[in-house]
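Here the structure is laid out as structure tokens; the discussion comes afterwards.
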Amino acid sequence: MRNTAVIIYIDHFIHNIQQVRNLVGPSVKICASVKADAYGHGAVALARAAERAGIDFLGIACPEEGAELRNAGIRLPLLMYGLCLPEEIPRVVDLEISAIVADAAGIEGFARSAARQKKVARLHLKIDTGMGRIGCLPEQALSLAKQIASSPHLILEGLATHFPISDEADRSFTQRQIQQFLGIVNQIEKESIRPPLLHASNSGGILQYPEANLSMVRPGILLYGYFPSREVPRTLSLKPVMELKASVLFLKKVPPGTPISYGCTYRTHETTTIATIGAGYADGYPRSLSNKGRVLIRNRCYPIVGRVTMDQIMVDVGKDPEVERYDEAILFGPNPLGPSAEEVAELAGTITYEITCGINRRIPRRYIGDT
């Protein structure tokens, strides 16, 4: 059996939560995004860690994610970021998940379902100030807020918006969003509708727009140890939470001109040793790192040569290698001597989120630290 594993450092996750807490202050609630299986880290384990660390809300994407957490005994308030299909609404109400709504039909669906279940549904009205995804138009917000507030089976728990470029250097767009959102909030509050939670900031917003902290923030990638872009100030001391490692399965000394992997896109320049490592693109390690990634073995980095294959990659460890068969190879992680998920993402032409989210569940997660 391949010794391929994902190591999750729980103490790093808790450290990152504390970094965000220190930045936003004790009066601002934190909704930790644990959607997409906690960005590939394992939603249940990290939700439990977040609960111990004093997180106020957990952010999820769909009812199935909420059910997984509730079935695992997680009692923290859950906020579902995505919109519900009509047939999903009863389950969301039953699980006591706070839900995003953006139109009259969705609000009415929650009111009916809550009435049937003799419950009260907690709703957050999403207002589109520039993301162009889900959210009502700004001019619709007041009437929708009134619709929620007038129902005996609904509570307007929050007003929300989302920042598409809060992690970029240009500040003008996000500042206009903040101004517009606060203007809408003021308009709604003038009608004596005062939801307790106002939230807008994602990881980029937390780093660059303290005026948008409001009453709650929604960090994602920061909690997993990475900054959302190269353009934000790197003022927090973050620790990557995920490490991907695999074993050296085979070592082979080859002469100059030896072709390596599919397509023969690489040929050795001199006599050298090729190490085959037991991880590939089926595990979520990007094929686009063919001939340009690196791995860490025995505290030294070696280049990937040839194409990344479904289950294996090859690295050139030199003519007289210190590497031995079955050594551990780190494909990315918190060790500063080796590649990080951010480096992998940049080489692959993508973002760190996609790298951690994409690590296949066939690789076992091992949790280390404060479990």
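Can you figure out the FRET efficiency of residue 366 with residue 299, using R₀ = 25 Å and their beta-carbon distance, to the nearest 0.05?
Values: r = 21 Å, r/R0 = 0.83.
Computed FRET efficiency for residue 366 and residue 299: 0.75.
Can you put 254, 317, 28 in order, fewest other beta carbons within 10 Å first? Don't jump to the answer; show the numbers that get you there.
On the way: 254 16, 317 25, 28 19.
Exposure proxy ranking, most exposed first: 254, 28, 317.
Based on the mean of other Cβ atoms within 10 Å per residue, sort peptides 11-17, 261-267 so the most packed one is first.
Working: 11-17: 21.7, 261-267: 14.3.
Packing order, densest peptide first, comes out as 11-17, 261-267.
Can you return the aspartates and glutamates within cross-link range of residue 253? Criterion is Cα-Cα under 20 Å, with same-chain partners fewer than 8 residues away left out.
Correct list for residue 253: 270, 316, 320, 322, 324, 327, 328.
Work out from phi, with θ = phi - 60° and the Karplus expression 6.51 cos²θ - 1.76 cosθ + 1.60, the ³J(HN,Hα) of each residue of region 159-171, listed in order in whole Hz, and give x for Gly and Pro.
Karplus-based 3J(HN,Hα) across region 159-171 equals 10, 9, 9, 9, 9, x, 9, 5, 9, 10, 5, 5, 9 Hz.
Please state, as a whole number in µm²/s, the translational diffusion coefficient that the Stokes-Einstein equation yields for region 121-214 at 4 °C and 1.567 mPa s, with Rh defined as the Kirkwood radius across alpha carbon pairs.
Numbers: Rh = 13.5 Å.
It diffuses with D of about 96 µm²/s by this estimate.
Using per-residue counts of other Cβ atoms within 10 Å, averaged over each peptide, order 330-336, 295-301, 137-143 from highest down.
Working: 330-336: 19.4, 295-301: 17.7, 137-143: 15.1.
In decreasing order of mean packing, 330-336, 295-301, 137-143 become 330-336, 295-301, 137-143.
With each run of n ≥ 4 DSSP H residues scored as -39500 (n - 2.57), what mean residue ellipticity at 222 nm is computed for the chain after dividing by its residue count and rounding to the nearest 500 deg cm²/dmol? Spell out each step's value before the answer.
Working: 11 runs with 106 residues, N = 371.
When only DSSP H runs of four or more count, the value is -8500 deg cm²/dmol.
Got a sec? Which residues in region 192-227 would a label at residue 27 touch, if it sits 7 Å along Cα→Cβ and we count backbone N under 15 Å?
Counting backbone N atoms under 15 Å from the label point, the list is 197-198, 210-217.
Can you tell me the length gained on complete extension of the stretch residue 175 to residue 343, counting 0.36 nm per residue apart and subtracting the Cα distance? Walk me through the intermediate numbers first.
Details: separation 168, 0.36 × 168 = 60.48 nm, distance 3.00 nm.
So the chain would gain 57.5 nm between residue 175 and residue 343.
At 20 °C and 1.002 mPa s, what whole-number value in µm²/s does Stokes-Einstein give for the translational diffusion of region 242-368, with Rh from the Kirkwood sum over Cα pairs? Mind dumping the intermediate values first?
Details: Rh = 14.5 Å.
This corresponds to a translational diffusion coefficient of 147 µm²/s.
May I ask you to evaluate 6.51 cos²θ - 1.76 cosθ + 1.60, the Karplus curve with θ = phi - 60°, for each residue of region 74-79 and list the ³J(HN,Hα) values in order in whole Hz, giving x for glycine and proline?
With the stated coefficients, region 74-79 comes to 6, 9, 4, x, 10, 10 Hz.
Would you kindly give the portion of the calculated P(r) for region 5-79 that falls above 16 Å, as a percent of all Cα pairs?
Numbers: 1234 of 2775 pairs.
The proportion of pairs with Cα distances above 16 Å equals 44 percent.
Once you order the gyration tensor axes a ≥ b ≥ c over the Cα atoms, which shape class does region 62-102 get: rounded for a/c under 1.5, otherwise prolate or oblate by comparing a/b with b/c? Show your work: numbers first, answer last.
Numbers: a/c = 2.07, a/b = 1.61, b/c = 1.28.
Since a/c reaches 1.5 and a/b is larger than b/c, the shape of region 62-102 is classed as prolate.
Hey, if you drop one equal point scatterer on each alpha-carbon of region 142-183 and run the Debye formula without solvent, what base-10 log of I(q)/I(0) do you get at q = 0.29, 0.35 Å⁻¹?
These q points yield log10 I(q)/I(0) values of -0.99, -1.19.
May I ask for the Rg/Rh ratio of region 10-224, computed from Cα atoms with Rh as the Kirkwood radius, given to two decimals?
Numbers: Rg = 16.5 Å, Rh = 17.4 Å.
So for region 10-224, dividing Rg by the Kirkwood Rh gives 0.95.
Relative to the present Cα-Cα distance, how much length would full extension add between residue 131 and residue 51 at 0.36 nm per residue of separation?
On the way: separation 80, 0.36 × 80 = 28.80 nm, distance 2.98 nm.
My answer for the length gained is 25.8 nm.
Using a/c under 1.5 as the rounded threshold, could you call the chain rounded, prolate or oblate? The axes a ≥ b ≥ c are square roots of the C-alpha gyration tensor eigenvalues, and prolate needs a/b larger than b/c, oblate otherwise.
On the way: a/c = 2.57, a/b = 2.20, b/c = 1.17.
Prolate.
Could you sort the peptides 165-176, 77-88 by per-residue average Cβ neighbour count (10 Å cutoff), highest mean leading? Don't jump to the answer; show the numbers that get you there.
Values: 165-176: 15.5, 77-88: 18.1.
Ranking, from highest mean packing down: 77-88, 165-176.
Tell me which lysines have Cα within less than 29 Å of residue 118's Cα, excluding those fewer than 8 residues away on the same chain?
29, 35, 126, 146
Considering only the chain, what is the antiparallel percent among its DSSP beta bridges, to the nearest 5? Before the final figure, lay out the partial values.
Numbers: 27 of 55 bridges.
Among the beta bridges of the chain, antiparallel pairing accounts for roughly 50 percent.
Would you pull out the residues with amide H under 5 Å of residue 305's amide H, same chain only if 5 or more places away, H placed 1.01 Å from N?
Distant-sequence amide H within range of residue 305: 291, 314, 315, 316.
All of the numbers you see were taken from the coordinates with simple rules; none came from a lab. Please read these numbers as outputs of a predicted model, since none were measured by experiment. Here Cβ is always computed from backbone atoms with ideal geometry, including for glycine, and neighbour counts include all displayed protein chains.
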